[in-house]
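Let me begin by presenting the structure, written as structure tokens, before commenting on it.
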Amino acid sequence: MNLESVALRSFRNYQEAQLTFNPGVNLIVGDNAQGKTNLLEAIAYLGSGKSFRAQKTAELIRFGAEFGEVEGTVFAQQRKQTLRFVLFPGSRARQIWRNGAKQKTAADIAGVLPTVLFCPEDLLMLKAGAAQRRRFGDSALCQLRPNYDAALTQYNRILEQKSRILKDHFTDSRVLDILPEYNLRLCQVGALLISYRARFYEALGAAAAEFHGQFSGGKEEFSLEYRTVSTVKDPFAPVSQLTEDLQEHLQQHSRAELESGQCLTGPHKDDFTVALSGIDLKAYGSQGQTRTSAISLKLAQRELMRREWGEEPVLLLDDVLSELDPGRQDFVLNKIVSGQVFITCCEPGRFTKLGKTMHINQGNVMI
Ligand code: ATP
Ligand code: MG
């Protein structure tokens with residue numbers, strides 16, 4: 001797929017901007033705080049309806065503006081398509097348009113413009129806390145499987161309601177009457193999450209192992225293991241079995257949850273580990289191994305998306321190339337040649353010959 005152009009209106013620090021892109025490499029150059037990441041955010045949002053950094057829609061709208069807009073023309077699924085989001089700062093729902101027709105949810109545009117974002121924090125994800133790895137896995141899986149996205153949203157909502165019950169029961173014990181019902185729903189939806197994740201991580205690990213093999217010249221063997229709650233013996237088991245496993249787990253922790261007033265463990269604490277030739281990366285990996293493995297995971301994410309839709313997703317590299325040594329830069333660039341890529345950097349340096357260069361200055365675009 002190929003993002004041909006984007007128009008921004010009151011999006012972040014852009015007042016009004018029109019950009020046309022190269023089907024290969026697009027280099028976005030500018031000083032700090034000029035709007036480079038904002039442009040990548042707009043592209044990712046156009047494809048998924050999600051921001052990788054805003055908590056609220058209002059943050060995406062230019063300060064003081066009544067609404068914001070992102071529009072793009074994409075060549076995907078053998079035809080030209082348009083996507084458009086209109087965003088409002090208050091409680092008014094955003095509008096999603098595809099080819100001039102209004103859509104109900106972002107799931108209705110899945111597959112038109114899938115994107116993979118790669119930023120410097122991702123390079124360290126294998127040394128970071130579990131939350132960062134979960135964020136990576138969840139965001140990849142949400143794009144691949146809109147039903148997973150819906151289940152995750154539901155799970156988080158139930159978890160929030162259960163947290164409130166656990167907090168309130170100290171002052172009003174009647175709220176505990178509804179706790180078993182919430183626990184059951186949490187286990188049912190949680191089982192679904194585990195089932196999706198087991199399959200996703202298996203495929204991701206296999207694809208990443210291939211990239212890592214090429215990277216290390218076959219010297220290191222990359223392996224990934226999905227980690228979920230201890231009572232789950234086989235994450236590939238039927239969802240009914242996983243539901244039972246989770247119920248057993250909750251039972252074991254119910255007293256501790258009531259005493260602490262908090263939801264303790266569950267699929268919301270899931271993680272994955274990476275080992276190189278059997279040696280745990282988080283504990284023992286060198287800086288280079290950590291980075292190389294993270295790059296392999298990101299390229300694997302792109303590969304799974306390519307298999308899903310039969311087209312190469314757009315790759316967004318935010319400040320990441322400058323963090324890599326020339327050998328790794330070349331590896332990444334050689335592995336992405338078949339698709340469209342957006343690269344932000346302050347200093348274009350050795351990349352200028354790659355494709356089209358755009359200069360961004362205070363939300364204005366200069367070619
Ligand atoms: P760096 O090289 O430091 O990463 P960048 O070019 O990627 O810089 P961005 O993160 O794209 O910078 O843009 C940051 C600028 O956008 C900040 O100056 C910020 O104040 C401004 N900005 C963010 N949101 C809004 C908004 N809703 N309205 C107006 N300006 C905004
Ligand atoms: Mg930036």
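What does the charge dipole of the chain about its Cα centre add up to, to the nearest 20 debye, if the Cβ of each Lys and Arg holds +1 and the Cβ of each Asp and Glu holds -1?
Working: 44 positive and 42 negative charges, 165 e Å.
The calculated dipole for the chain is roughly 800 debye.
Quick one: which residues, 5+ away or cross-chain, put their amide H under 5 Å from the amide H of Glu4? H built at 1.01 Å from N.
Under 5 Å from the amide H of Glu4 lie the amide H atoms of Thr73, Val74, Phe75, each far enough along the sequence or on another chain.
Residue by residue through segment 77-93, which ³J(HN,Hα) values in whole Hz follow from phi under the Karplus form 6.51 cos²θ - 1.76 cosθ + 1.60 (θ = phi - 60°), with glycine and proline marked x?
3J(HN,Hα) across segment 77-93, in whole Hz: 6, 6, 8, 7, 9, 10, 10, 8, 10, 10, 10, 10, x, x, 8, 4, 5.
Would you mind checking the pairs Lys56/Lys80; Lys219/Lys335; Lys233/Lys269 and listing those with alpha carbons more than 27 angstrom apart?
Working: Lys56/Lys80 30 Å; Lys219/Lys335 19 Å; Lys233/Lys269 16 Å.
Where the Cα-Cα span goes over 27 Å, the pairs concerned are Lys56/Lys80.
Quickly estimate the mean residue ellipticity at 222 nm for the chain, helices only: each DSSP H run with n ≥ 4 gives -39500 (n - 2.57), and the total goes over all residues, rounded to 500. Before the final figure, lay out the partial values.
Values: 9 runs with 151 residues, N = 367.
Roughly -14000 deg cm²/dmol at 222 nm, from the helical runs in the chain.
Rounded, prolate or oblate: which one fits the chain, using the alpha carbon gyration tensor with axes a ≥ b ≥ c (rounded when a/c is under 1.5, else prolate when a/b beats b/c, else oblate)? Show your work: numbers first, answer last.
Numbers: a/c = 2.01, a/b = 1.32, b/c = 1.52.
Oblate, since a/c reaches 1.5 and b/c is not below a/b.
How would you order 315-324, 88-97 from highest to lowest mean count of nearby Cβ atoms within 10 Å? It would help to have the intermediate numbers written out before the result.
Numbers: 315-324: 21.0, 88-97: 12.7.
Packing order, densest peptide first, comes out as 315-324, 88-97.
Would you work out if segment 1-145 is rounded, prolate or oblate? Take a ≥ b ≥ c from the square roots of the eigenvalues of the alpha-carbon gyration tensor; rounded if a/c is under 1.5, else prolate when a/b is larger than b/c, oblate otherwise. Walk me through the numbers before you get to the answer.
Values: a/c = 1.28, a/b = 1.19, b/c = 1.07.
Rounded, because the longest to shortest axis ratio a/c is under 1.5.
Show the residues, 5+ positions off or on another chain, whose built amide H is closer than 5 Å to the amide H of Gln103.
HN-HN under 5 Å from Gln103: Ile96, Trp97, Arg98.
Multiplying the sequence separation of Phe88 and Asn32 by 0.36 nm and subtracting their Cα-Cα distance, what value in nm do you get? Walk me through the intermediate numbers first.
Values: separation 56, 0.36 × 56 = 20.16 nm, distance 2.72 nm.
That works out to 17.4 nm of additional length.
Mind listing the phi-derived Karplus ³J(HN,Hα) values for segment 267-273, rounded to whole Hz, using 6.51, -1.76 and 1.60 with θ = phi - 60°, and x for any glycine or proline?
Using θ = phi - 60°, the values come out as x, 6, 10, 4, 8, 9, 10 Hz.
Please work out the Cα center distance from segment 314-367 to segment 238-303, rounded to the nearest Å.
Going from one Cα centre to the other spans 32 Å.
For the chain, with a Gaussian network of springs between Cα atoms less than 10 Å apart, report the residue from Ser173, Ser48, Ser216 with the top mean-square fluctuation.
So, out of Ser173, Ser48, Ser216, the one fluctuating most is Ser173.
How charged is the neighbourhood of Ala106? Take every other residue with its Cβ under 12 Å from the Cβ of Ala106, and add Lys/Arg as +1 and Asp/Glu as -1.
Working: positive: Lys50, Arg94, Arg98, Lys104; negative: Asp108, Asp149.
Here the charged neighbours net out to +2.
Got the relative contact order for segment 1-145 handy, in percent, Cα pairs under 8 Å and 6 or more residues apart? List each step's numbers first, then the result.
Values: 224 pairs, mean separation 32.7, N = 145.
It rounds to 23 percent for segment 1-145.
Test of understanding: what is the full-extension gain from Arg199 to Gln161, defined as 0.36 nm times their sequence separation minus their Cα-Cα distance? The partial results should precede the final answer.
Values: separation 38, 0.36 × 38 = 13.68 nm, distance 2.84 nm.
Full extension of this stretch gives 10.8 nm more.
By its C-alpha gyration tensor, with a ≥ b ≥ c as the square roots of the eigenvalues, how is segment 69-215 shaped: rounded for a/c under 1.5, else prolate for a/b larger than b/c, else oblate? Show your work: numbers first, answer last.
Numbers: a/c = 2.22, a/b = 1.30, b/c = 1.72.
Oblate, because a/c is 1.5 or more while a/b does not exceed b/c.
For segment 89-150, what relative contact order do you get, as a whole percent, if you take Cα pairs closer than 8 Å and at least 6 residues apart? Intermediate values should be presented prior to the final figure.
Numbers: 23 pairs, mean separation 12.8, N = 62.
RCO, segment 89-150: 21 percent.
Since every read-out is calculated from the coordinates, none of them should be taken as a lab result. The structure presented is a predicted model; accordingly, all values stated were derived computationally and were not measured. Using ideal geometry, Cβ is built from the backbone for each residue, glycine included, and neighbour counts are taken over all protein chains shown.
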